[in-house]
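S.K.: Pasting a structure here, questions to come.
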Amino acid sequence: MSTSVIRQCSKSDADSIQSIINIAAMAYQGKIPAECWRSPYMSIEKLLSEFDNGVRFSCMEINNTVLGVMGLQTIEDVTLIRHAYVDTTNQRRGVGTAILTALRSTTCTPMLVGTWVSATWAISFYQKHGFQIATPDVSKKLLPRYWSIPQRQIDASVVLFDEAWQQHNDKLISS
């Protein structure tokens, strides 16, 4: 019998994490701005720098095989969901939901997630889990504050927020 486990990752898991990210990120090809697409989507150097910048990756695995990965990064007063990907052969089987549920229970701070506007599947996933889409104006304020990404990516991205963030930021949302 196979048992799934969700566990925190270390740099020794980098090859498995990178593989999941790069396979699943193929869905972006042709959907995000061409100048933002790269192959591999996440280099091993970039992944290791994410660990060094405080992204705490967790994964779900069965029989020592990683099926999905998601990172959390605390910045100022929020927790960002970073680099959430599920292996394409295991999508729509509850892997992302299980990881998100487990990680949400580990933080008390409001959560934000940024994704490409064109990643409708990701937006739907987070909405299904109670996240709401920030307006374009609010997204344009939040992205440079909490993420270190180029302006072109800011222009093509959206932020989703959880209920805890909304409760503390009603003025920003309504402006």
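S.K.: Identify all residues within region 128-174 that are among the polar types (S, T, N, Q), more than 20 Å from I21 (Cα to Cα) and surrounded by 13 or more Cβ atoms within 10 Å (Cβ to Cβ); write none if there are none.
M.R.: Q132, T135, S139, Q166, N169
S.K.: Related question: Working only within region 61-76, note down all residues that are surrounded by fewer than 20 Cβ atoms within 10 Å (Cβ to Cβ) and either on the phi > 0 side of the Ramachandran plot or touching a residue at least 60 places away in the same chain (Cβ under 8 Å) (or both).
M.R.: Within region 61-76, I62, N63, N64, I75, E76 meet the criteria.
S.K.: Then there's this: Within the set of pairs 6+ apart or on separate chains, which have a first residue in region 31-57 that is within 13 Å of I21 (Cβ to Cβ), a second that is polar (S, T, N, Q), and C-beta atoms under 7 Å apart?
M.R.: P40/N22; Y41/N22; M42/Q18; M42/N22; I44/Q18; L47/Q18; V55/Q73
S.K.: Let me ask something additional. Within region 15-55, track down each residue that is surrounded by 18 or more Cβ atoms within 10 Å (Cβ to Cβ), in contact with a helix residue (DSSP H, G or I) (Cβ under 8 Å, 6 or more places away or on another chain) and over 22 Å from R152 (Cα atoms).
M.R.: I17, Q18
S.K.: Within region 79-133, can you find the residues that are touching a strand residue (DSSP E or B) at 6+ places or on another chain (Cβ under 6 Å), of a type in the set (S, T, N, Q) and closer than 14 Å to E61 by Cα?
M.R.: Selection gives N90 alone.
S.K.: Something else now. How many residues does region 19-30 hold that are free of Cβ contacts under 8 Å to residues at least 24 places away in the same chain and under 14 Å from the mean Cα position of the chain (by Cα)?
M.R.: 1
S.K.: Based on this model, can you work out whether H129 counts as modelled with pLDDT of 95 or more and more than 12 Å from the chain's Cα centre (by Cα)?
M.R.: yes
S.K.: Right, here's the next one. Looking at G54, G30 in this structure, which one is at positive phi and in contact with a Phe, Trp or Tyr (Cβ under 9 Å, 6 or more places away or on another chain)?
M.R.: So the residue among G54, G30 that is at positive phi and in contact with a Phe, Trp or Tyr (Cβ under 9 Å, 6 or more places away or on another chain) is G30.
The values are calculated or read from the model by the stated rules, or taken from the named source; none is laboratory data. Remember, it's a predicted structure, so these values are computed and weren't measured experimentally. Neighbour counts run over all protein chains shown; Cβ positions are idealised from the backbone, glycine included.
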